[in-house]
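The values are calculated or read from the model by the stated rules, or taken from the named source; none is laboratory data. Here the structure is a predicted model, which means the values were calculated and not measured. Glycine gets a Cβ as well: all are built from the backbone with ideal geometry, and neighbour counts include every protein chain shown.
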Amino acid sequence: MALTAANPIDKVRALENKAVLSEADGTEELPVYNTKVKPADLILFTTQLSVMLDSGVVLSDALDAIAEQAEQSTFKTILMEIAESVKRGENFSEALGKYPRAFNSMFISMVKASEASGKMAEMLSVLSDYLNFEAETRKRIKGALTYPLIMTLMAVAATGSLMFFVLPRFMKIYEAKGAALPKITQILVSFSKILGNLKIMTGLITAAVAIAAVLYFWLRTPTGRRTIDLLKIRIPILGAMFIDTVVTRSMRIMATMINTGVNLLEAVKVIQGSCDNFYFQQLWAQTDKKIRDGYQLSESITISRGGHLIAPGVIQMIRAGEKSGKLGQVCDKISIFYEKKLQASIKSVITLIEPLMIIILGSIIGTIAIALLLPVFKISSVIAH
């Protein structure tokens, strides 16, 4: 059942009145336009809208119905406001653009392109699949890190107990007998004294906070961003995974947009907007310029020095697609291949995480255990003297 036009307006006005009252009370509420949306809510919204549009439901009615079904939250308010904007004659992409933290540039760009091609339902379906893929990837990585994190916390707790409760007892016995602790144990004792010194720890924490603050503001500068973006694509193993992720997304967008009748330049523009890495953005910006100069897509990528970001084999496949007139189908196959490759890479990394963490933590705990056990082995001879 669709919402009436007055209902969402009243709710929006009520929210505005609430904001005014809270401001009068001296409290501030986060503006709706500056609110992030849960990935699960965004996926559900995109999927529902795609299905409803594919079934022939008018966009404004579909938005009303989804907003009515949504749980009471900021996202519900956002959907009602978007529905009202569409009813006033605004384009859907323009209405979405008012909420940049809820809908990223890729989402808005793809919706804008679908408005031009008239195939919004199909584009939203692709967006839904991609958002699901990203969410599943994050879920797998978090799941893989849960076990090592628990192990780390347990190791820290066990190590702390040994260092602050067990070790001091042995120190007193050795000091009373005038005996020297083993060298490795002395190092551990020195480290525990540093941790137990409030003045030193305060200084270290203050320095760490200061460094973190400087890094935070530096990373927000163009130089800092470029540095991090370079590390993302150059770091071993993880860099290849990041590149595969961007290439998968780019080729899927390219395939969808070309197959739905969007021109190549518009597709490249959307892909550029979907990349959050400076070097990929630079690549697609240069590729766009070369295409406007009359070069083919494959030639433009090659000239733009895309070989270190996009594999030569992919460029060759794109060239073959251009010659055969099946660029959209070829890009779709490339995206499927890279998605499978990315899943295999993630699986391999996840498989390596647990044994790697066990080795690292085992080494740390083993060293500490040896440092604590050596005095135990010698305690009888120390007491005898």
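Exactly one condition in (1) at pLDDT 80 or above; (2) under 32 Å from the mean Cα position of the chain (by Cα); (3) β-branched (Val, Ile, Thr) is false for Thr367; which is it?
Every listed condition holds for Thr367 apart from (2).
What pairs come up if the first residue lies in segment 107-118 and is part of a helix (DSSP H, G or I), the second is acidic (Asp, Glu), and their beta carbons are under 8 Å apart, counting only those six or more places apart or on different chains?
Every condition considered, the pairs that remain are Ala113/Glu266; Ser114/Glu122; Ala116/Glu266.
Cβ-Cβ under 6 Å, sequence separation 6+ or interchain: first residue in segment 363-378 and assigned by TED's automatic domain parsing to the domain that holds Arg169, partner at pLDDT 80 or above. Which pairs?
So the pair list comes out as Ala371/Ile184.
State the number of residues belonging to segment 57-106 that are among the charged types (D, E, K, R) and either farther than 15 Å from Phe45 by Cα or outside any helix (DSSP H, G or I) (or both).
Matching residues across segment 57-106 total 8.
From the list Lys232, Lys199, pick out the single residue that is exposed (fewer than 14 other Cβ atoms within 10 Å of the Cβ), of a type in the set (D, E, K, R) and assigned to a helix (DSSP H, G or I).
Result: Lys199 is the single residue among Lys232, Lys199 that is exposed (fewer than 14 other Cβ atoms within 10 Å of the Cβ), of a type in the set (D, E, K, R) and assigned to a helix (DSSP H, G or I).
If only one of Ile359, Ile310, Ile303 is closer than 22 Å to Tyr130 by Cβ and of a type in the set (A, V, I, L, M, F, W, C), which one is it?
Ile310
Of the residues that sit in segment 269-328 and are of a type in the set (Ser, Thr, Tyr) and free of Cβ contacts under 8 Å to residues at least 60 places away in the same chain, which one is nearest to Leu230 (Cα to Cα)?
If we take residues in segment 269-328 being of a type in the set (Ser, Thr, Tyr) and free of Cβ contacts under 8 Å to residues at least 60 places away in the same chain, then Tyr279 is nearest to Leu230 (Cα to Cα).
Among the residues in segment 77-88, are any free of Cβ contacts under 8 Å to residues at least 24 places away in the same chain, crowded, with 19+ Cβ neighbours inside 10 Å and not small (Gly, Ala, Ser)?
yes
Condition check: within 23 Å of Tyr130 (Cα to Cα), out of contact with any Phe, Trp or Tyr (no Cβ under 9 Å at 6 or more places or on another chain) and not polar (S, T, N, Q). Does Leu297 satisfy that? Reasoning before the result, please.
On the way: within 23 Å of Tyr130 (Cα to Cα): no; out of contact with any Phe, Trp or Tyr (no Cβ under 9 Å at 6 or more places or on another chain): yes; not polar (S, T, N, Q): yes.
Considered against the rule, which asks whether it is within 23 Å of Tyr130 (Cα to Cα), out of contact with any Phe, Trp or Tyr (no Cβ under 9 Å at 6 or more places or on another chain) and not polar (S, T, N, Q), Leu297 comes out as no.
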